[in-house]
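Right, one structure below, let's go through it.
The values are calculated or read from the model by the stated rules, or taken from the named source; none is laboratory data. Values in this document were obtained by computation on a predicted structure and should not be read as measured data. All Cβ positions, glycine included, derive from the backbone under ideal geometry; neighbour counts span all protein chains shown.
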Amino acid sequence: MKKTLLFALVLALVSCGDSPKKEESKGFEMSRATTKAATKKAVSVPVDLKNKGIGPISSYSFSTEIDAALSAQGKSVYDSKCTACHMANQRMIGPALSGVYDRRSPEWVLNLLLNTNEMLKKDPISIALLKEYNNAIMNNQNLSEQEAKAVAEYLRTL
């Protein structure tokens with residue numbers, strides 16, 4: 001009896017191994033992992049520093065030095081309105097924002113903050129980001145231009 005129980009236990013453990021399950025797909029055998037990878041489309045969001053977005057900001061440049069007071073104001077707005085979906089160095093519901101100006105122009109960032117709904121409908125980068133983040137729509141935070149500029153300045157410090 002003990003040998004039978006031990007044999008059944010060993011058999012159960014061996015049968016729970018990590019061997020890939022096979023699926024038939026048009027006459028070819030593929031592992032389940034391969035099938036998943038093949039069906040999941042990778043969305044590529046390009047780096048585009050020339051795109052200024054759609055909205056009221058057509059030209060904007062930062063001063064050489066970070067404005068500490070403006071950045072502090074931006075941090076306050078960011079902490080209250082942005083951190084539910086964004087972290088500095090980690091993907092969440094939205095992209096990580098550290099180094100955003102290596103990927104986007106200041107005008108694009110400001111226009112996204114000020115003209116969110118139209119950017120999500122018409123701007124190709126916004127549309128690609130929306131697809132990459134499973135259509136999680138960025139809500140319009142109804143920022144004033146001053147608040148948006150403060151957030152933009154704070155993002156420089158991340």
Residue identified as part of a helix (DSSP H, G or I), modelled with pLDDT of 95 or more and within 14 Å of P95 (Cβ to Cβ) among L129, L112: L112
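Take the residues in the range 56-107 that are of a type in the set (A, V, I, L, M, F, W, C) and assigned to a helix (DSSP H, G or I), then tell me which one is farthest from S44 (Cα to Cα).
Looking only at the range 56-107, we keep the residues that are of a type in the set (A, V, I, L, M, F, W, C), and these are 57, 62, 66, 68-70, 72, 77, 82, 84-85, 87-88, 92-93, 96-97, 100.
Remaining after also requiring assigned to a helix (DSSP H, G or I): 68-70, 72, 77, 100.
Values: A68: 35, A69: 36, L70: 33, A72: 33, V77: 30, V100: 16 Å.
Among them, the one singled out is A69.
Could you say whether any residue in the range 76-87 is of a type in the set (F, W, Y) and surrounded by 15 or more Cβ atoms within 10 Å (Cβ to Cβ)?
yes
Could you list all residues from the range 132-150 that are part of a helix (DSSP H, G or I) and not acidic (D, E)? Before the answer, list the steps.
Of all residues in the range 132-150, those part of a helix (DSSP H, G or I) come to 132, 145-150.
Matches in the range 132-150: Q146, A148, K149, A150.
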Identity of the residue in the range 119-153, within 23 Å of E65 (Cα to Cα) and among the acidic types (D, E), that ends up farthest from the chain's Cα centre (by Cα): E145
Top-ranked residue of the range 110-141 - restricted to ones that are touching a helix residue (DSSP H, G or I) at 6+ places or on another chain (Cβ under 9 Å) and either of a type in the set (S, T, N, Q) or at positive phi (or both), ranked as surrounded by the most Cβ atoms within 10 Å (Cβ to Cβ): N111
Candidates K41, K81, filtered to the one that is at pLDDT 50 or above and either more than 30 Å from D123 (Cα to Cα) or among the basic types (K, R) (or both): K81
Near pairs, Cβ below 7 angstrom, 6+ apart or cross-chain, from the range 43-65 (farther than 17 Å from N111 by Cα and touching a residue at least 40 places away in the same chain (Cβ under 8 Å)) to any residue that is outside any strand (DSSP E or B) and among the acidic types (D, E): V43/E132; V45/E132
